[in-house]
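**Q** Mind having a look at this structure? Questions to follow.
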Amino acid sequence: QVQLVESGGGLVQAGGSLRLSCAVSGRTFSTYTMGWFRQAPGKEREFVAAIAWTGGSTYYADSVKARFTISRSTARNTLYLQMNGLQPEDTGVYYCAMRTSWLVGTSQNEYGHWGHGTQVTVSS
């Protein structure tokens, strides 16, 4: 069983920064990718960023490109999302997820393991 635990969310003013973490534990796989998704109130969950755990290839949604950076520490089994230049439209619950494939996916349906999420609120 895979456990994903997010942390680092909070309240920040527009233009501010936050760094989210996702601790990965339990069963691991030889190849997998990790992703961040978010869900704003009243909206569907959307893709934010993803990274191949081996190799580190990354992919971003256009809305966060150049502002957010996804990374991972293989030694600490931890996924990160550095968020700079936050805007009110970035508000939502942020989830980390694991896909048991070396291919980087952008659809939530491609990810089989999820954390419980961490709230990010950006005030204007």
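What follows is calculated from the coordinates using simple rules that are stated; it is not laboratory data. For clarity, every value in this text was computed on a predicted model and none was experimentally measured. Cβ placement follows ideal geometry from the backbone for every residue including glycine, while neighbour counts extend to all protein chains displayed.
**Q** Would you kindly state how much longer the chain becomes between ARG76 and ALA61 on full extension, computed as 0.36 nm times their sequence separation minus their alpha carbon distance, in nm to one decimal?
**A** 2.8 nm
**Q** Enter the per residue convex hull volume of the chain, computed from alpha-carbon coordinates, in Å³ rounded to the nearest integer.
**A** Expressed per residue, the convex hull around the Cα atoms of the chain is 92 Å³.
**Q** Now for a different question. More than 18 Å apart: what percent of Cα pairs in the stretch 72-113 qualify? Display every interim value, and only then the final one.
**A** Values: 385 of 861 pairs.
Tail of the P(r) past 18 Å holds 45 percent of the pairs.
**Q** So how far apart, in nm, are the two label points at ALA14 and GLN39 if each is 7 Å from Cα heading toward Cβ?
**A** 2.7 nm
**Q** Further question on the same structure: For the stretch 43-98, taking Cα atoms only, what is the radius of gyration to one decimal and the Dmax to the nearest whole Å?
**A** Considering the stretch 43-98 through its Cα atoms, Rg and Dmax are 11.7, 35 Å.
**Q** Right, another one. Around SER124, with a cut-off of 12 angstrom between Cβ atoms, what is the net charge of the other residues, counting Lys and Arg +1 and Asp and Glu -1?
**A** -2
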